[in-house]
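Just so it is clear, none of the values below were taken in a lab; they were calculated from the coordinates. Note that this is a predicted model, so its numbers are computed, not measured. So basically every Cβ, Gly included, is an ideal-geometry build from the backbone, and we count neighbours across all protein chains shown.
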């Protein structure tokens with residue numbers, strides 16, 4: 001039972017680690033354009049991200065995929081930048097079917113990249129376990145719980161800012177996305193591959 005909680009906690013701390021806040025930034029970008037009314041779509045996006053993350057982590061853990069860690073460390077903030085820029089250009093525009101399909105596909109792809117970024121650490125932590133499937137599932141559950149916590153915080157803050165302080169939704173998306181862009185550009189430069 002304690003091993004179960006070990007991997008759940010590992011998933012929680014992976015997302016909620018303030019020193020490695022890239023995951024939180026991605027979730028902010030993913031969520032900032034939505035309200036509580038869109039909880040089903042948000043849950044689908046978060047779960048798609050977890051599925052992508054877990055799939056690449058599974059493939060890397062079992063040696064099916066091996067990617068240069070420098071490339072992944074560069075791509076992770078780049079995915080956040082792409083999401084933030086997407087928000088800037090689509091803020092205030094209604095959702096259409098094509099945009100949602102692209103968003104779902106991009107979320108899975110970004111999850112794949114983010115999962116590869118954690119594969120080395122997960123391999124080291126689970127090295128003494130014969131079958132890594134159950135720890136991967138437990139880890140994924142921890143990630144999903146942590147992501148839901150972050151999403152709820154973003155939604156609550158969005159609600160407060162937009163309802164109580166009467167901040168326009170479009171402006172809220174632009175401000176938050178711009179702040180995230182300002183935070184990830186130094187990350188991209190620090191992890192550049194050229």
If I fit a long axis through the Cα atoms of helix 39-61 and take the longest principal axis of the Cα atoms of the chain, what angle between them do I get, 0 to 90°, rounded to 10? 30 degrees
Sort 30-37, 63-70 for me by packing, meaning the mean count of neighbouring Cβ atoms within 10 Å per residue, highest on top. 30-37, 63-70
Taking the 0 to 90 degree range and rounding to the nearest ten, how far is the long axis of helix 133-159 tilted relative to the main principal axis of the chain, both from C-alpha atoms? 20 degrees
Gaussian network model of the chain, Cα springs within a sub-10 Å range: biggest mean-square fluctuation belongs to which of 164, 148, 108? 164
Counting only C-alpha contacts under 8 Å and six or more residues apart, can you give the relative contact order of the chain as a whole percent? 43 percent
Helix 2-16 vs. the chain, principal-axis angle (Cα, 0 to 90°, nearest 10): 40 degrees
Take peptides 80-89, 185-194, 39-48 and line them up by average Cβ neighbours within 10 Å, highest first, as a rough protection proxy. 80-89, 39-48, 185-194
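Divide by every residue of the chain the summed helix terms, -39500 (n - 2.57) for each DSSP H run of at least 4, and state the resulting mean residue ellipticity at 222 nm, rounded to the nearest 500 deg cm²/dmol.
-26500 deg cm²/dmol
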Per-residue Cβ neighbour rank within 10 angstrom, fewest leading, 8, 160: 160, 8
